[in-house]
Each structure stands twice: as C-alpha cells, then as structure tokens.
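Working notes, structure below.
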Amino acid sequence: MTTGQRPPTRRRDAAGSRQALLTAARDLFDERGFQRTTTRDIGERAGLDPTLISRYFGSKAALYLATMRAEFAADSSPGDLLAASRMTELLDRVGDRGAGPIFDAALRRHPDAAVDAEAKALLAERVVDPLVAALTERNVDEAELLAEIVGAAFIGVAVGRHTRAFPALSAANSERIAELLSRAFDGLLGTPARPVVSQRR
C-alpha cells in the first residue's frame, strides 16, 4: 500500500447484520418481553450499532413482528385457541412478557401504518383465521363474527390480567382462567341464538 493510500474498507454484510439483529431481538423478546427490551439492548447483544435496526427494519415494533413472522414460519400450526391448553400457554406468555405488538393491534392503532397492517395481518393469521376454520368445520353460523368475538374476549382477558386492571383476574392462575373461558366460549358457540322479541305493541 502506497503512502497516503486509504486502507480498503470491508464490505458490510447486510444479510448477516440483519440476521444477527433478528436473532438477538428474538432472544431478548423471549427473555424480557417487548416493552422491557430496548434497541440498545438488541444492538449490544448482536454486536452491532442499534441504529441499524431503523435501517433494516424501521422500528423496534417492526423488528418484533419480523421475529414473530420468522417464528411462525418455522411453526405453521398456530394451535386451537378454543383448547384450554392453548389458552393457558398464551395467558402465561402475556403474563410473563406483556402483550407485544400483535395483541396490541387488537387494542389500539399503531402510528406506523405499515407496522399496524402487519400486526393486524399476523393477528388474523394466528388467532382469527384458525378460529374461523374451526367454527366453519363445526357448521357454526356467523363463524367469522364469533371468531372475532372469541379472539377479542381472550385478548382483553390476557391483557387485563397482565396490567392488573382486575384484581381477582390477576390473582387467578392461568389454568383456572382458561377453564372458565372454555366454559364461556362453549356456551357462546354451542347455544343457538334466540330471536329478539320486541316489547312494542
């Protein structure tokens, strides 16, 4: 190398950096949940500048959704939300880690339209669509509406329990809550709707 010549710069491995951030984020989200994980934590775990999160993903929420998309691709079966075991698993997950952007999409609109759309898409794919399929197979009327009611009710219970908005709900263990929800959902889905009788004469 001649005097004054700049040393060659190593080409950045964008794919490797992106994967390192995904791996670090997935591990930290599993350990701490979405809210308690910072972009700085993710950068440090990945050994990269945390500003690369914005470059490759756009935001922490978008990175979270990317980790979920990768996880769901590896596990194509979302599980039956009507099963008490699945409800218990999700109640424990939300209790430990918080709601995260996917369940949060059921409660509020994300200011980033792209993140909001992706979160809602994953919510439909993992919660609503499997319920619609299960109810359609049972020949339940208004399967889509009932699936959304069940999904919304479950998410409300899971998040309300995590935030301790309801003392008795927060104190109950996940197995008991799942048992009671199963009863409620069985009643909702198994009892035919009664016609509304008008009180007007």
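Note on region 7-96: enclosed helices (runs of 4 or more DSSP H) holding 2 or more residues that are at pLDDT below 90 are 14-32, 60-74. Remark: pairs (first residue in region 54-69, assigned by TED's automatic domain parsing to the domain that holds Ala25 and within 14 Å of Pro101 (Cα to Cα); second residue surrounded by 21 or more Cβ atoms within 10 Å (Cβ to Cβ) and among the charged types (D, E, K, R); Cβ separation under 6 Å; 6+ apart in sequence or on different chains) = Leu65/Glu118. Among the residues here, Leu90 does not qualify as in contact with a Leu (Cβ under 7 Å, 6 or more places away or on another chain) and either more than 18 Å from Ala61 (Cα to Cα) or not assigned by TED's automatic domain parsing to the domain that holds Lys60 (or both).
Elements of the type helices (runs of 4 or more DSSP H) sitting completely within region 99-174 and holding at least 3 residues that are touching a residue at least 40 places away in the same chain (Cβ under 8 Å) and either touching a strand residue (DSSP E or B) at 6+ places or on another chain (Cβ under 7 Å) or surrounded by 12 or more Cβ atoms within 10 Å (Cβ to Cβ) (or both): these cover 100-104, 113-123, 129-137, 143-162.
The values are calculated or read from the model by the stated rules, or taken from the named source; none is laboratory data. These numbers were taken from a predicted model, which means no experiment stands behind them. No Cβ is skipped: glycine too gets one built from the backbone with ideal geometry, and neighbour counts run over all protein chains shown.
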